[in-house]
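**Q** Provided herewith is a single structure, encoded as structure tokens, for subsequent inquiry.
Just so you know, all these numbers are worked out from the coordinates, no wet-lab data involved. Remember, it's a predicted structure, so these values are computed and weren't measured experimentally. Cβ sites come from the backbone with ideal geometry, for glycine too, and all protein chains shown count toward neighbours.
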Amino acid sequence: MLSPGVQLGNRYRLDERIASGGMGDVWRGTDQVLGRTVAVKSLLPALLDEPGFAERFRGEARTMATINHPGVVDVYDFGNDQHIAFLIMEYVEGDPLSATLSRVGRLTPARTMALVAQAADALHAAHVKGIVHRDVKPGNLLVRPNGTLVLTDFGIARSELVGQLTAAGSVLGTASYISPEQATGQVATPASDVYALGVVAYQCLAGRRPFEGDNPLDIAMRHVRETPRPLPSDIPPQVCALVERAMAKDPKDRWQSAAVLAGAARQLKAALSRQARGGAGQAAPISAAPASPAPGRAAPISAAPASPAPGRAQVPPRAAPLVSPAAPVAPHRPATAPPPNRPPVAQPLNRPPVAQPPRPTVVAPAAAGYPRGAATVPSAYSPQPTSSRNAPKRSRSGMVFLVIVLGVLVVVCSGVVSYKLRNSLNVMPGGVSVSAVTSEALRPDGRDDPAGTAYRRLDQLRPDGDETITSEGR
């Protein structure tokens, strides 16, 4: 019986048991030679009694040690001591995904797609080396504090004893993620790992496993015969389609490889992240596989937006007009100076200006690269300098008539003014002003009465104003 302080291979000291499963226990230990912390996977003693298990386990351990991928746990050593087979692996600081799901229940679609992409990349690295995991489940997916994922426990489920342990109820968790072909006794393939990873994604999104039962055998048969319950309605349709294809009953209907599944999940995760930042619309469908699916099967969903054809310029979206079309504003026309060396043209009198209809302001679309709201320069109309050809034409005869009328008015006005002045000053012909007229007889109003007198005197002032001339007589 293993306990803290026990040494295996006279080198690895067991410090603390951190996990247990149907195949054995996982301990945190110390490599006393190199002085580093390691993870020690101890297998059940009964497995060593199976013929050929030790050789097969040794061969798979060597193959796993050749996998160089950040998502695959490193294998340092293996051995057999005290009738206990053990595997020395990298110690990963982090929690198993099963502990996270027990704590939070569900993960967001974007977080789930990120984890599925990392796990599928790790599976593909193992599949390239000819290794099938056979036991993909949340307990074997370790998540570091920085969010990266490491897949552990490769290649230990090939033993024929696993079927007996499953029937005895020792691997309840494994039965919940087993593929239909494994449940019916067929050989596990890379497509079996894709199915198991699809079940893990289902549990992350729904907060429950797709099938539940009273015993592992009942659960395994549900994977073969029944269809899982639909995912919650708040899961995007593209995510549901990805999980449904991974969990197809027929291996040929699943994603063609773990690498194709990783690409689909990664593109969908990027689309969901863009949607979360933009806050509008649904995630675009993603193109998951470079090869098309088999005829009659669901086509892969695509998440990457279609890019424009090479060499074709993209037309920026039309900006909203800055001026309301219901109330057009006449553009500002700069004042133009008259052409040089040309006499000014006289304007007609009392001629009202002709009103010009306002020109609507046309706002050009905003150029790409400028900030939204920047003022735009009208391009449909540019003011032109006023040309003398547009000035109203005036006839020469009209100008002559206008000059004659003005001359006649001046003559008439001067005659009227002269007449008024002569009457007001009583100027007599010859330039002599009349100052006083007296006679012997007067009229009732006090004036002279020439008809009633035989005598009259007239005093006149000379033009030089020095003396007067007096004349007497009738």
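**Q** Please give, to one decimal in nm, the separation of the simple spin-label points placed at Ile18 and Thr108, each 7 Å out from Cα toward the Cβ.
**A** Going from the Ile18 label point to the Thr108 one covers 2.8 nm.
**Q** Once you place label points 7 Å from the Cα toward the Cβ at Cys413 and Gln186, how far apart are they in nm?
**A** Those two pseudo-labels are separated by 11.9 nm.
**Q** Please work out the FRET efficiency for the pair Ala99 and Ala276, using the Cβ-Cβ distance as r and a Förster radius of 30 Å; give the result to the nearest 0.05.
**A** Between Ala99 and Ala276 the formula returns 0.70.
**Q** Shape verdict for region 1-145, please, from the Cα gyration tensor: rounded (a/c under 1.5), prolate (a/b greater than b/c) or oblate.
**A** prolate
**Q** Starting from region 31-94, pick out the GluC sites (Glu not before Pro) whose DSSP state is loop and whose Cβ has at most 10 other Cβ atoms within 10 Å.
**A** Hits after loop and neighbour filter: Glu93.
**Q** Taking neighbour counts of Cβ atoms within 10 Å as a proxy for exposure, in what order, fewest first, do Arg209, Arg422, Arg254 appear?
**A** Result, fewest neighbours first: Arg422, Arg209, Arg254.
**Q** Beta carbons within 10 angstrom, averaged per residue: use that to sort the peptides 178-185, 113-120, 94-101, highest first.
**A** Result, highest mean first: 113-120, 178-185, 94-101.
**Q** Quick one: order Val136, Val200, Val92 by neighbouring beta-carbon count within 10 Å, fewest to most.
**A** In increasing order of surrounding Cβ atoms, one gets Val92, Val200, Val136.
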